[in-house]
Structure formats: structure tokens, C-alpha cells
1. Kindly establish whether residue 84 is closer than 21 Å to residue 12 by Cβ and either at pLDDT 95 or above or in a helix (DSSP H, G or I) (or both).
2. Looking at this structure, is residue 68 at pLDDT 95 or above and outside the structural domain of residue 5 (by TED's automatic domain parsing)?
3. For region 18-41, enumerate the residues that are farther than 22 Å from residue 88 by Cα and part of a loop (DSSP other than H, G, I, E, B).
4. Scan region 78-104 residue by residue and report those that are more than 21 Å from residue 21 (Cα to Cα), surrounded by 14 or more Cβ atoms within 10 Å (Cβ to Cβ) and in contact (Cβ under 8 Å) with a residue 24 or more places away in the chain.
5. Being in contact (Cβ under 8 Å) with a residue 24 or more places away in the chain, assigned to a strand (DSSP E or B), surrounded by 12 or more Cβ atoms within 10 Å (Cβ to Cβ) and touching a strand residue (DSSP E or B) at 6+ places or on another chain (Cβ under 6 Å) is the requirement here; does residue 44 meet it?
6. Scan region 47-61 residue by residue and report those that are touching a residue at least 24 places away in the same chain (Cβ under 8 Å) and within 16 Å of the chain's Cα centre (by Cα).
7. Could you count how many residues in region 1-41 are loosely packed, with under 11 Cβ neighbours inside 10 Å and more than 18 Å from residue 85 (Cβ to Cβ)?
């Protein structure tokens with residue numbers, strides 16, 4: 001049975017414990033997932049806020065990474081679908097479709113043309 005780890009800010013995080021992931025179809029534990037304390041959650045949120053500054057400032061890199069995630073999902077449908085089946089109890093066909101759909105969405109957002117951001121400050125319209 002796999003014991004999963006948690007990553008915060010790109011580094012493995014030591015957690016206080018794990019909990020069993022129950023397969024709803026069988027009622028059996030199919031994996032051990034890390035527990036997340038409030039302090040670990042705060043660290044993760046701080047790391048995400050810092051990473052967002054770089055993420056939003058480099059559109060080319062963001063598109064590249066979203067495309068890579070899409071490619072990985074397309075290539076991993078057969079590996080990921082059974083995991084979804086065991087942790088969520090859905091059929092294998094539905095799980096494959098879900099992974100495939102996620103890959104399509106990542107590709108969509110990688111290729112999406114966004115309007116240029118204006119540096120002007122917006123103000124509220126006059127109440128007239």
C-alpha cells in the first residue's frame with residue numbers, strides 16, 4: 001500500500017501523521033495520505049502566494065508548464081485511472097474519461113489567448 005507524501009514550496013514536508021484512504025467500493029484502505037496541520041497549511045499557502053508572483057509574470061513559461069501537464073496527463077491515463085477508481089469508487093471508464101478531460105482542459109488553458117492587462121487604475125463610474 002503506497003504511503004503518499006506532501007510537498008510544500010517544492011520540498012518534501014515532514015507531517016505529523018497519515019490517514020487511510022478508503023476505497024468506497026470495497027471499504028478497504030488503498031493508500032496512506034499525509035495529514036496536514038494548520039501550520040503546514042499556512043506554509044503551503046505562503047509558498048503558493050510567493051510562487052504566484054512568478055507564475056503570473058511569465059506567460060510563456062506558464063503556457064509551457066500547462067502544456068507539459070497536459071502531455072503528462074494524456075500519457076498517464078492508463079496509470080492514473082485505476083488510482084481514481086480505487087480512491088473514488090468510480091468505474092474505470094469514467095476515471096479514464098476524467099483524466100482525459102483534465103488533459104484537454106490543461107491544453108485549452110495553455111493555448112488560451114488572454115487579453116493584455118492594462119496598467120491603468122480602474123475607477124467606479126459616476127453614479128449619474
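The values are calculated or read from the model by the stated rules, or taken from the named source; none is laboratory data. These numbers were taken from a predicted model, which means no experiment stands behind them. Counting neighbours? That spans all protein chains shown, and the Cβs are built from the backbone with ideal geometry, glycine included.
1. No, not satisfied.
2. yes
3. If the condition is that a residue be farther than 22 Å from residue 88 by Cα and part of a loop (DSSP other than H, G, I, E, B), then 37 is the only one that fits.
4. Once the filter is applied, which keeps residues that are more than 21 Å from residue 21 (Cα to Cα), surrounded by 14 or more Cβ atoms within 10 Å (Cβ to Cβ) and in contact (Cβ under 8 Å) with a residue 24 or more places away in the chain, region 78-104 yields 100, 102, 103.
5. no
6. 47, 51
7. Result for region 1-41: 9.
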